[in-house]
Amino acid sequence: MKRLLISGLLALLISAPIFAQELSAAQWAQQNEAVLCAATKTDVLADLLRKGKTAWEPLAVKILSAGKADPVASTQIAALGQYVLTHPVYRAAYSAWLLEKAQQAKEADVVCFWLNQLRWCGLPEQAAAMKSFAQSKDASIAAFALMVEQALRDSYDRQVVTVPETRAAALTRELAMLPEEAVAPRLVKFFEDADIGCVRAVLARGVTGGGAEATQLWMAAYARQTCPFRKKMILELLGDRGDRLSLPLLQDVFQKDLDLTLRAVAAEAMFKLDRSAVVSALMESLKTVAGSDVGAELRKVLIRLTRAELVGLTGTYDAATPIGKSLLLEIFRMRRVADALPLGLKAISETQMDVLINGWRLLRETATPSEAVVLTDKALSAKGRAASEAQQALAAAARRDGTGAYARELLKVVRSGDAARKALALELSPRMGGADLFKEAVAALDAPAAEISGAGARALSEWEGTDAVPVLMRAAIAGKTPRVQALALRGVSRKLADAKIANRFISVWKEIKALPGNDANRAALQKFFSVSVNVAQGKPVTTNVPTEGDHVPANLTDGTLTRAWHGGGSPAQAVVDLGKAEMISSMHVFFYCQDGRAYTFNLELSEDKKIWKKVAGNEGAAKPSTKDGVYETFAPTKARYARLNVLKNSANFAVHVLELKLFSAKAE
Amino acid sequence: MSRYENRRGFLKKAAALTGFTIIPAHVLHSATAPSNQLTRALVGFGGIAHSGNHLGYRATRLIALCDPDANRVKEGLTLAEKNGYGKIHGCKDFREILAMPDVDIVHICTPPHWHGLISVMAAQAGKDIWCEKPMTRTIGEGKRVMEAVKANGRIFRLNTWFRFLGGFYGFGTEVKPLKKIMENRLLGWPVRAVVGSVTGFSLKFYWSGKTNLTPQPVPANLDYDLWLGPAPYKPYHPHRVHSNFRGYWDYDGGGLGDMGQHYLDPVQYLLEKDDTSPIRVDVDCPKQHPDAVGSFRRITYTYADGCQIILDGDDSMKGAPFLEGPKGRVWPRLRSDIPNLKSILEELPDPAPQQVDFVDAVKRRKTFALNENNGFRSCTIVNLGLVAMRLGRGFSFDPVRLCAVNDPAADRFITQPMRKPWVM
């Protein structure tokens, strides 16, 4: 109680200069760096120590209590304590003075301050003096004195951890007494008898020594062993021993064992002993693999081979099972093994779907312009699941193609193919791009065959950039058939989902809306323009907290949920400058949402960055964030600036926001 | 026979039984019947223990938690029940947890001044250990943890993961491709790793202590003496405890203490320094207050083979973070002055796999990927920087004897005494 009263009084007395005390050590040190550097320079410390007590006493006067000690003086005293450790000539005098100050001090905090200095630089003979402090009625002094006594006696360094001898330690002692040839048999016996928790030490010891005899002993132990955990341990040991004698056993386990974990461990051991053994074991396994679980294990091994080793496996393809073929094609694709291209061409003529698909995927990465004719032909006749893979492969090959061979081949089909192939080719054309294919797609809108005109509309909907937007808008209003109009409208909607495109084409819409056309489409298009548009997208963001890593504030308005802003502290503010005043009527914010955490936030709007109006938020009702984000509507409010205040994160101190969308009605 | 022995015996028999069947082991591993599931206790229920990764870690069953703050124990028990663990045991003193025979894994979520001591006591009590970063507050304590874990045959997991999981913060890529670059000496050798403010050090500068705290009454719900434990007894102030303790040398080391091991452990792995430490550390920082942690401008670590790690605390180095060797540089997202780096990487095999399944490591008694040995080394990088900051100068370090070279002032920070009755 007395302590509480003293603390309370101290708090009242010291409340006046509270501002200065609120500085963090980092801020304080930066502000006072010059003073501190001057006070703790080596020559200054040496001079102080040379002058003795008369120079030290003024420092002691500045140590009033824990709440009022002068930080420069306390830092200088600590620096003296470090200095005397490397200049022992002053150590005895200085530590004697520290002890004297501790003995003279009245307040507990001040006593502890001096004892703390002794903790760093006191002498062993001062330990006895700590006994009187240890008997103090004040608990903090007594506790501190015991700690200092321990430090002065250097008992820490001499302290021995008392740990009863474990079975492993007993074994080590026993092994030291045995002749070399008896070590391995003893280890194997201990391994088979001991508690599983003790075998680590045995295995560490078994890795070396004993030569071929020891390796054979461990292989025999493997054959006897029934516990899968111990079998794994022996396989690992065989790998670590570096003795190729065990390779046949490891290959056998890798190819035949029913325990897939053991297969994986055997592979790992072979990698250590001889990589070519892994390759030959894989060759055999690919010829027999029948289950997807075994395939998954083989895949883990295949992925670790070098490109040269993988090229060596291309000859195995024809003899492999369908799962083996799929695996090979998949790995060749992942590592872009160009030598495997003929296998891809072979695979796309197979009937087994997985092989077929993996063949197309390999070609996606490896096909060259030389394959343009055959790939275009095959892709246009692919069916089912293979069709989309084939089209992707064709598009990827075309993107890599600097000669234009794929685009020319597709153009040939568009101009001369039968209707079905022509329609498919048109739909593929946006992936190739180019002025000629674009003209064909525009012309197709007027084609008499519904299949062709529909394909033209779909192609233009997918066309990259904005060239297709006016064409689609006109077709949405004045397309030859209602079907073309409907498809074109769908394309317009997709294009205008991008706010930048929407803003640019509002004027175009005004021009074309007067055209005669399908009433239903006109109404739908009108409705589309009355739907809100995200006006925050792409706008600059400023924050008042540091950024974590490369999760910059601009990610908040980049229009995607794949990048996020990470602010290093909460509460945090992010201010979006919309560039001009907008009427905002709803907001949608997406927070990180993996672990059930909840973010408390509110949104404020302002026209001038001075007067803010709170329009949305979840204070007092924050729920765990979800991938759907938080959507709120409010009375339309005119604002140029929006301020997102993230007040709290239930998981940690930082804030993580994927996107902030602000919607403004764009109706004319 | 104690309940603990019975439980381990059961798991052992379960393991042995699998030998008589042809059921693949991974099928058995997936079994989650309570009797076949490892159990875990949370020691300390502050910010980190609240996280979904810890409270919601389903691979083990949470059966107890403790904290010297009664309010936190109460909150922890409620949250544990909400998370589906039912009514678990809650207490103030971690020694009660260590005495529980049913606890397999002790998960240490306390401030760092407790990490070393509880790890050693848990190892001596036969528990496996999952410890938050930084591994220990001093190098001396880390050494003791290594010794105790080894002597008692325990499995130790240090909780940072960038060397084997997820994107390597600030480098915009996983560690794996960087490891391939280093293993194959694409940059040449020795390599200099520059870790800049983008990786978090300057960000965390605000985790600094305050000078001259006015003593205040200890709240009734907090056992302040137990919270302090081995740390010196200093007057209570709310800024010392709970979420602000990182700003005081007695309990942690500010932003570097908090985040350093996260960022430096993968760097150590890349530089192939899992079994050694720098021989020299140099520092440029404002003079540090004896009680409250401040900031640093730059810390430079040098290894015996010439490799260096530079912590750019004030953003004065251009382009950080990056890895640089005699043959080239790599910046975030694998940007490099080595032509066709990405296609070269595709031709190189992946690095050797790591043991990243902690439950599997405990069951099979396999060393976890980030363990008491390499975790100690990466924590030593952090602690060497902190010692240099406190000294206000650089010093030389002996990575074998684990002490400073002819520098008793540095040694006093490397090995620090504990307040009685606590001792390691």
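The values are calculated or read from the model by the stated rules, or taken from the named source; none is laboratory data. Note that the structure is a prediction, hence the values are computed from the model and not measured. Cβ sites come from the backbone with ideal geometry, for glycine too, and all protein chains shown count toward neighbours. Surface areas here come from the heavy atoms of the whole protein model, side chains and all, with no ligands, DNA or RNA. Shrake-Rupley method; radii C 1.70, N 1.55, O 1.52, S 1.80 Å.
Tabulated values for the structure
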item: Unique residue being within 11 Å of chain A (Cβ to nearest Cβ) and among the polar types (S, T, N, Q) when the list is B:Ser378, B:Ser343, B:Ser316; result: B:Ser343
item: Of residues in segment A:545-584 being among the polar types (S, T, N, Q) and more than 19 Å from A:Ser606 (Cα to Cα), the one most open to solvent (accessible area, probe 1.4 Å); result: A:Thr562
item: Helices (runs of 4 or more DSSP H) wholly inside segment A:27-96 that include at least 3 residues being within 45 Å of the chain's Cα centre (by Cα) and crowded, with 17+ Cβ neighbours inside 10 Å; result: A:71-86
item: Hey, B:Lys287 assigned to a loop (DSSP other than H, G, I, E, B), within 14 Å of another protein chain (Cβ to nearest Cβ) and not aliphatic (A, V, I, L, M) or not; result: yes
item: Test: residue in segment A:470-492 that is at pLDDT 85 or above, hydroxyl-bearing (Ser, Thr, Tyr) and open to solvent by 40 Å² or more (accessible area, probe 1.4 Å); result: yes
item: Any hit, segment B:299-308, residues being in contact with a strand residue (DSSP E or B) (Cβ under 7 Å, 6 or more places away or on another chain) and farther than 22 Å from B:Cys403 by Cβ; result: no
item: Helices (runs of 4 or more DSSP H) within segment A:225-281 that include 2 or more residues in contact (Cβ under 8 Å) with a residue 60 or more places away in the chain; result: none
item: Test: residue in segment A:162-176 that is more than 13 Å from chain B (Cβ to nearest Cβ), farther than 18 Å from A:Ala269 by Cα and modelled with pLDDT of 85 or more; result: no
item: Residue count for segment A:326-342, restricted to those that are open to solvent by 20 Å² or more (accessible area, probe 1.4 Å), under 33 Å from the mean Cα position of the chain (by Cα) and away from chain B (no Cβ under 12 Å); result: 1
item: Count - residues of segment A:282-294 that are more than 12 Å from chain B (Cβ to nearest Cβ), part of a helix (DSSP H, G or I), surrounded by fewer than 15 Cβ atoms within 10 Å (Cβ to Cβ) and not polar (S, T, N, Q); result: 1
item: Selection status of B:Arg333, within 14 Å of chain A (Cβ to nearest Cβ), under 29 Å from B:Pro112 (Cβ atoms), assigned to a helix (DSSP H, G or I) and among the basic types (Lys, Arg); result: no
item: Subset of segment B:346-362 that is at the interface with another protein chain (Cβ under 10 Å from one of its Cβ atoms) and not in a helix (DSSP H, G or I) - its residue that is surrounded by the fewest Cβ atoms within 10 Å (Cβ to Cβ); result: B:Ala352
item: Some residue of segment A:98-106 being farther than 19 Å from B:Gln416 by Cα, acidic (Asp, Glu) and not in a helix (DSSP H, G or I); result: no
item: Residues located in segment A:587-608, provided they are open to solvent by 20 Å² or more (accessible area, probe 1.4 Å) and either in a strand (DSSP E or B) or more than 17 Å from A:Thr557 (Cβ to Cβ) (or both); result: A:His588, A:Cys593, A:Gln594, A:Asp595, A:Gly596, A:Arg597, A:Thr600, A:Glu604, A:Glu607, A:Asp608
item: Test result for A:Leu146, open to solvent by 20 Å² or more (accessible area, probe 1.4 Å), farther than 30 Å from A:Glu236 by Cβ, within 11 Å of chain B (Cβ to nearest Cβ) and modelled with pLDDT of 80 or more; result: yes
item: Leading residue by the ranking (most open to solvent (accessible area, probe 1.4 Å)) among those in segment B:240-275 that are of a type in the set (Lys, Arg) and not in a loop (DSSP other than H, G, I, E, B); result: B:Arg246
item: Selection within segment A:596-634 - farther than 19 Å from A:Asn534 by Cβ, away from every other protein chain (no Cβ under 14 Å) and among the hydrophobic types (A, V, I, L, M, F, W, C); result: A:Ile611, A:Trp612, A:Ala621, A:Ala622
item: Filter result for A:Ile584 (more than 26 Å from B:Arg333 (Cβ to Cβ) and part of a loop (DSSP other than H, G, I, E, B)); result: no
item: Residue selected from segment B:215-229 under the condition crowded, with 22+ Cβ neighbours inside 10 Å and within 11 Å of chain A (Cβ to nearest Cβ), by the criterion modelled with the highest pLDDT; result: B:Leu228
item: Residue check for B:Pro278: more than 29 Å from B:His50 (Cβ to Cβ), buried (at least 21 other Cβ atoms within 10 Å of the Cβ) and more than 12 Å from every other protein chain (Cβ to nearest Cβ); result: yes
item: Residue list for segment A:68-113, restricted to those being at pLDDT below 95 and aromatic (Phe, Trp, Tyr); result: A:Tyr83, A:Tyr90, A:Phe113
item: Residues within segment A:457-479 that are closer than 16 Å to A:Leu426 by Cβ and either of a type outside the set (Asp, Glu) or free of Cβ contacts under 8 Å to residues at least 12 places away in the same chain (or both), tallied; result: 11
item: Filter result for A:Thr208 (in a helix (DSSP H, G or I) and either in contact with a helix residue (DSSP H, G or I) (Cβ under 7 Å, 6 or more places away or on another chain) or touching a residue at least 24 places away in the same chain (Cβ under 8 Å) (or both)); result: no
item: Any pair with Cβ under 9 angstrom, 6 or more apart, that starts in segment B:45-66 at a residue that is more than 12 Å from chain A (Cβ to nearest Cβ) and in contact (Cβ under 8 Å) with a residue 60 or more places away in the chain and ends at one that is among the β-branched types (Val, Ile, Thr) and outside any helix (DSSP H, G or I); result: B:Ala59/B:Thr32; B:Thr60/B:Thr39; B:Thr60/B:Ile105
item: Within segment A:242-275, considering residues that are closer than 21 Å to A:Val289 by Cα, open to solvent by 30 Å² or more (accessible area, probe 1.4 Å) and of a type in the set (Asp, Glu), the one nearest to the chain's Cα centre (by Cα); result: A:Glu268
item: Residue list for segment A:617-632, restricted to those being open to solvent by 90 Å² or more (accessible area, probe 1.4 Å) and assigned to a strand (DSSP E or B); result: A:Tyr631
item: Residue check for A:Leu345: surrounded by fewer than 24 Cβ atoms within 10 Å (Cβ to Cβ) and not in a loop (DSSP other than H, G, I, E, B); result: yes
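To keep it simple, each residue is scored yes or no on (1) touching a residue at least 12 places away in the same chain (Cβ under 8 Å); (2) open to solvent by less than 30 Å² (accessible area, probe 1.4 Å); (3) assigned to a loop (DSSP other than H, G, I, E, B); (4) among the small types (Gly, Ala, Ser).
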| residue | (1), (2), (3), (4) |
| --- | --- |
| B:Asn71 | yes, no, no, no |
| B:Gly76 | yes, yes, no, yes |
| B:Leu79 | yes, no, no, no |
| B:Tyr85 | yes, no, yes, no |
| B:Arg95 | yes, no, no, no |
